[in-house]
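The values are calculated or read from the model by the stated rules, or taken from the named source; none is laboratory data. The shown structure was predicted, so the numbers you read here are calculated from the model rather than taken from an experiment. As a convention, Cβ positions derive from the backbone with ideal geometry for all residues, glycine included, and neighbour counts pool all protein chains shown.
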Amino acid sequence: MELEIPYTVEERPDTGLTNARLAIWLFLASEVMLFGSLFSAYVLLRSGSEFWPRQADYVNIPLATLNTIVLITSSVTIVMAWASLKLQQFRSYRLYMGLTVLAGLGFLILKGVEYGQKFEHHYYPATNNFLGMYFVLTGLHIAHVIGGLVVNLYLLGPGARMWKTAPAQFTGRVEAAGLYWHFVDLVWIFLFPVLYLL
Amino acid sequence: MPTFFRRYIFSLDHKVIGVQYALTSLVFLLFGFTLMLLMRWQLAYPGQPLPFIGGLFGVANAPGGVMLPEFYNQLGAMHGTVMVFLGVVPLAVGGFGNYVMPLQIGASDMAFPKLNMASYWLYFLGGVTMLASFVLPGGAANSGWTAYPPLSYFATIGQTVWLGGMLFLILSSLLGSVNFITTIVQLRAPGLTWFRLPFFVWGQLVTAFLLLLAFPALQAAALLQAMDRIFGTSFFMPSGLVYGGKVVAGAGGGNPLLWQHLFWFLAHPEVYVLILPAMGIVVEIMTANTRKPIWGYRLMVGSAIFLGFMSFLVWAHHMFLTGMGTSISTFFQTTTMIISIPSVIILSALFLSLYGGSIRFNTPMLFALAFLPMFGIGGLTGLPLGLASSDIALHDTYYVIGHFHYVVAPGTIFALFAGVYYWYPKVTGRLMNETLGKIHFAGSFVFINGIFMPMFIQGLAGMNRRLYDGGAQYAHVKDVLHWNTFMSWSAWGLGLFQLFFIVNVFLSLRTGKPAGSNPWQATTLDWAATSSPPLAHGNFASAPVVHRGPYDYSVPGTREDFIPQHVEHADGEAR
Amino acid sequence: MLELLGLPPEASAHAAEIDRVIVLLHWLMAVLAAGWGAFFLYTLVRFRRGANPVARREGITAGWSTYVEAAVVLSEVVILVFFSIPAYSARVTGFPNAMEATEVRVVAEQFAWNVHYPGADRTFGRTDIRLVSSENPIGLDRKDPAAADDVVSVNQFNIPLGRPVIVHLTSKDVIHSFGLPQMRVKQDAIPGMVHDLWFTPTRTGDWEIVCSQLCGLGHYRMRGFYSVQAPEAFTAWLREAATP
Ligand code: HEM
Ligand SMILES: [Cu+2]
Ligand SMILES: [Cu+2]
């Protein structure tokens, strides 16, 4: 017998939160500190070094711009997916979640192409500290994209069965996944100018 | 029916997980302590073979039973790591927090039982990884628990495994802290408003926030160090190094101080992670055994929150000697003095709370009472280390070791012992033996001071820490060198007296006095509203509703000298 | 209090300033420990269950504790503002004119202290890591004319009495820390960075350089020596060391 934990679905009146929503915010706060630490490391290394390579020599700006657009689009579609559930339109949920997953995959493929170009030129993390930070930051970001993708796929596939049994809880899950996905998007929006444009 | 595995191994019940955490961390504490007992031999009798057990460590570590510097440095680094990350924090948070906090807030379990289980097993994995590193070629990590590069960059493979172990521990702590905060915010019983929370819960809440927000910095740092060690990046490696007579290859251009900033950004808040749960435990025990509320409850809560907040702004006081200019050092000296204020307030409040009480000197109370002066000594001796000028003389000496051990050993560890004696009856239904407990207390109190008090003398004389021969080379410390033997014998004496504790824990399972649900006549829900042990499923026979603050002891006009939190206000009762 | 604390002898001009902070703080500790300790023991005896079977819920109501706390804060502020901050900033700023000082470079390595004197021309010779060898621990380029009169001494640091000393500190491999206990000098030697420190010795004597940062297996024996000599003795030593 599973134990009944309160406020998994309905909000606690005095806090106005469900457990999952609070938890995902807390998790994201921690993630902000993680990426924040790495950004600070980047700033410190760059400002403290006598010789910092010209970043534009190493990166592919058009490809990354395209990727930015792809990722921002996916942020919009996941909101639409959640909104569809709110409006009880499960079919359009499927459509929008599907698009989100596709966009995530597209991002990964483009990123893979970009990495391939780096390796072709024998640019590795050890080449210099810019490339080191580039691989660490984008690599960690990719790991987050993959994590989000797995969750989104689950919510599109087997996880969606919950819509029949507990629609409110399912909508809550999609909301949490959406928050996370926005965060992943936001990180990229920081990474893009820092690594590609500055 | 849940299977054996579900019930005891992969349990989802916070009480079972709490006990798993507690037992595992107690074993690690014993292990970390044993490492230190070995080191104390080398410090007291440098170069002499370890008696009896010297042969066990192999030629790589102790040929002929004589400990090598290689081994000493491993023991030192692992003592620190094991004690902090595998011993104290998992016991204080994973053990006590997991077991007691949901009971105290009247919850049937944690908000996310599966995450809770995952936290424990990640912790376990991290611990096993750390332990396993001893058998690697070159042994375990040996660059201190602080793992400063470039030293850690050149270290043996054990350092990489250490980083891997830390990664598990950090993940575990992340899941745990999300779970703790959510549980406290969301699952409080009806009527349990913020200022009715027992102080223990506040301690756990602030701690969880520190873990949540500070650990990522170490995670980032560990990731970067792993990159340096595995992929040859140079994040922490400056250009132009010559190591062992050879120019070091690599791109260079990195900064070793970057590691220190990231490390201490975690490790300073970590100090408060070690101390806040201990304060929480002490408050619970003191209120029950003085039969009166804590002095200045709101002031203490405010101080704990402020302490947590400030702990993010003091990290660089560990780095005064890394070449800091006036303005930065002024900033960090000032924040350090500011953070001492809430600590002083909390400690004063604890002292003042005794006044007017009716004090019962049982074993948990003895340990809790001893916490006060011990933590006081630890806190005060932090002042000369927190000011950049005096730190010039005292940095990296045994004064530092004395200072933080007074905080964490006779401070936190005593509070944890107090907690074990106090909540043991809740967990097992039986009280621990008082006679054995008092012997354990008396011996521990004497010997632990015997270890740590001379450290101040040695440190002031200028004896450095992390010295394989205990400073035997140096002329300026020869007058204080003789303390080394005294301290080592004290350490072994301390070890001996822990046997009384270990025996007590096992013996009392069978022979302890049956406790009843509330042996201490305490007011908080963990005692007042549950049986001992609490119901296996859901904790409470009926969901408690809270009507009053946490410490309604000795309320005038009532018959009993305590009123549990879930009891409604009666007529005649003074408010 | 100073004698009680047993610090190493003060042998530099600023040592007393640093010790003053330590002494003041230990007075503060002593007073607090005595006060708290007395209060603690009193309450334990006076309010034990036998002597006070019924607790008084309000406990202490007098307001004096607030004043005590304010006094503690005030003492901390005074020590911080009037003693510690000036003492520390005097260490990292206010460097003496190089012409009036003895200038040296100290290069730490596992597990030795290399001391580099510029010699009579007061100019350090060029160094290059590619020239590092066991005979030339700091990689001094002997072809550089400025290097001709340079002196490199291993684990022996001689300084003249009464003149400020400026040390440019760095490390070849890992982080070490350059500690001169009797001078109240300690500074991390960090590879890739040069940190400057200064002090003025006020007593002659022979003491030890203590490595104060874990730097590897030989950390415990990374001991050097330093001697504060009468100026004539120092000049004589330097001249002799400079002649090949
Ligand atoms: C009560 C038993 C304990 C004894 C006898 C003890 C003794 C020592 C000694 C003598 C050192 C210095 C070793 C050296 O510098 O070479 C040391 C270091 C250390 N101890 Fe303990 N300790 C104890 C408990 C603890 C606890 C409970 C903690 C943490 C919560 C702890 C954390 C540390 C740390 C972090 C270091 C620094 C390690 C390093 O140099 O990297 N110790 N301990
Ligand atoms: Cu060294
Ligand atoms: Cu060293």
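Is one or more of the residues making up region B:203-213 within 14 Å of chain C (Cβ to nearest Cβ) and among the aliphatic types (A, V, I, L, M)? Among the residues of region B:203-213, not one is within 14 Å of chain C (Cβ to nearest Cβ) and among the aliphatic types (A, V, I, L, M), which makes the answer no. Selection of region B:31-69 for residues being assigned to a helix (DSSP H, G or I), within 14 Å of chain C (Cβ to nearest Cβ) and either more than 16 Å from ligand 2 (Cβ to nearest atom) or under 15 Å from B:TRP162 (Cβ atoms) (or both) yields B:MET39, B:GLN42, B:LEU43. May I ask you to verify whether C:TYR88 is among the hydroxyl-bearing types (Ser, Thr, Tyr), within 21 Å of the chain's Cα centre (by Cα) and more than 16 Å from ligand 1 (Cβ to nearest atom)? Considered against the rule, which asks whether it is among the hydroxyl-bearing types (Ser, Thr, Tyr), within 21 Å of the chain's Cα centre (by Cα) and more than 16 Å from ligand 1 (Cβ to nearest atom), C:TYR88 comes out as yes. Of all the criteria given as (1) more than 16 Å from ligand 3 (Cβ to nearest atom); (2) at the interface with chain B (Cβ under 10 Å from one of its Cβ atoms), the one not satisfied by C:ILE175 is (1).
Do we find that A:LEU102 is in a helix (DSSP H, G or I), at pLDDT 95 or above and facing chain B (nearest Cβ under 7 Å) in this structure? When the stated conditions are applied, A:LEU102 does not pass them.
Which one is nearest to ligand 2 (Cβ to nearest atom), of the residues in region C:218-227 that are in contact (Cβ under 8 Å) with a residue 60 or more places away in the chain and outside any loop (DSSP other than H, G, I, E, B)? Checking each candidate, the answer is C:HIS219. Would you say C:ARG163 is within 21 Å of C:THR123 (Cα to Cα), away from ligand 3 (no atom under 14 Å from the Cβ) and outside any strand (DSSP E or B)? So C:ARG163 passes the test.
Given the condition in contact with a Leu (Cβ under 6 Å, 6 or more places away or on another chain) and assigned to a loop (DSSP other than H, G, I, E, B), answer yes or no: does some residue in region B:121-143 qualify? Don't jump to the end; show me each part of the working.
From region B:121-143, those in contact with a Leu (Cβ under 6 Å, 6 or more places away or on another chain) are B:122, B:126-127, B:143; that's our starting set.
Filter once more, so that each one left must be assigned to a loop (DSSP other than H, G, I, E, B): B:143.
Yes.
Among C:ALA71, C:ALA51, C:ALA62, which is within 32 Å of the chain's Cα centre (by Cα), of a type in the set (A, V, I, L, M) and either at pLDDT 90 or above or part of a loop (DSSP other than H, G, I, E, B) (or both)?
C:ALA71
In region C:185-193 there is at least one residue that is over 12 Å from the mean Cα position of the chain (by Cα), assigned to a loop (DSSP other than H, G, I, E, B) and at pLDDT below 95.
Among the residues in region B:31-47, are any surrounded by 18 or more Cβ atoms within 10 Å (Cβ to Cβ), out of contact with any strand residue (DSSP E or B) (no Cβ under 9 Å at 6 or more places or on another chain), modelled with pLDDT of 90 or more and of a type in the set (Lys, Arg)? Yes, some residue in region B:31-47 is surrounded by 18 or more Cβ atoms within 10 Å (Cβ to Cβ), out of contact with any strand residue (DSSP E or B) (no Cβ under 9 Å at 6 or more places or on another chain), modelled with pLDDT of 90 or more and of a type in the set (Lys, Arg). Among the residues of region A:24-74, the one identified as touching a helix residue (DSSP H, G or I) at 6+ places or on another chain (Cβ under 6 Å), at pLDDT below 95 and of a type in the set (Gly, Ala, Ser) is A:ALA64. Among the residues of region B:455-486, those that are over 25 Å from C:ARG20 (Cβ atoms) and not in a loop (DSSP other than H, G, I, E, B) comprise B:ALA475, B:TRP483, B:ASN484, B:THR485, B:PHE486. Just one of the numbered conditions (1) without any contact (Cβ under 8 Å) to a residue 60 or more places away in the chain; (2) of a type in the set (Gly, Ala, Ser); (3) touching a Phe, Trp or Tyr at 6+ places or on another chain (Cβ under 8 Å) is not true of A:ALA160: (1). Does C:ALA230 satisfy the condition of being at pLDDT below 95, more than 16 Å from ligand 2 (Cβ to nearest atom) and among the aliphatic types (A, V, I, L, M)? So C:ALA230 fails the test. For region C:75-113, taking the residues that are away from every other protein chain (no Cβ under 11 Å) and part of a helix (DSSP H, G or I), the one that is farthest from B:ASP391 (Cα to Cα) is identified as C:MET99.
Residues of region C:199-217 that are more than 7 Å from chain B (Cβ to nearest Cβ) and assigned to a loop (DSSP other than H, G, I, E, B): C:THR200, C:THR202, C:ARG203, C:THR204.
When B:ILE285 is tested against (1) surrounded by 23 or more Cβ atoms within 10 Å (Cβ to Cβ); (2) in a helix (DSSP H, G or I); (3) within 14 Å of chain C (Cβ to nearest Cβ); (4) out of contact with any Ser or Thr (no Cβ under 9 Å at 6 or more places or on another chain), exactly one condition is not met: (3). Checking the structure you have, find out if any residue of region C:166-176 is in contact with a Cys (Cβ under 6 Å, 6 or more places away or on another chain), touching a residue at least 24 places away in the same chain (Cβ under 8 Å) and not aliphatic (A, V, I, L, M). There is at least one residue in region C:166-176 that is in contact with a Cys (Cβ under 6 Å, 6 or more places away or on another chain), touching a residue at least 24 places away in the same chain (Cβ under 8 Å) and not aliphatic (A, V, I, L, M). Counting the residues of region B:301-354 that are facing another protein chain (nearest Cβ under 7 Å), more than 15 Å from C:LEU80 (Cα to Cα) and either among the charged types (D, E, K, R) or in a helix (DSSP H, G or I) (or both) gives 8. May I ask you to list the residues in region B:180-202 that are surrounded by fewer than 23 Cβ atoms within 10 Å (Cβ to Cβ), assigned to a helix (DSSP H, G or I), of a type outside the set (A, V, I, L, M) and within 11 Å of chain A (Cβ to nearest Cβ)? Selection gives B:TRP194 alone.
Kindly indicate the residue of region B:382-408 that is assigned to a helix (DSSP H, G or I) and facing another protein chain (nearest Cβ under 8 Å) and also farthest from ligand 3 (Cβ to nearest atom) among those meeting that condition. Within region B:382-408, the match that is farthest from ligand 3 (Cβ to nearest atom) is B:LEU383.
So B:SER444 ticks every box in (1) over 25 Å from B:LEU68 (Cβ atoms); (2) more than 24 Å from the chain's Cα centre (by Cα); (3) within 11 Å of ligand 1 (Cβ to nearest atom) but one. Which box is left unticked? Here B:SER444 meets the rest and fails (2). Exactly one residue out of B:LYS478, B:LYS438 is surrounded by fewer than 18 Cβ atoms within 10 Å (Cβ to Cβ) and either within 14 Å of ligand 1 (Cβ to nearest atom) or touching a residue at least 60 places away in the same chain (Cβ under 8 Å) (or both), and it is B:LYS438.
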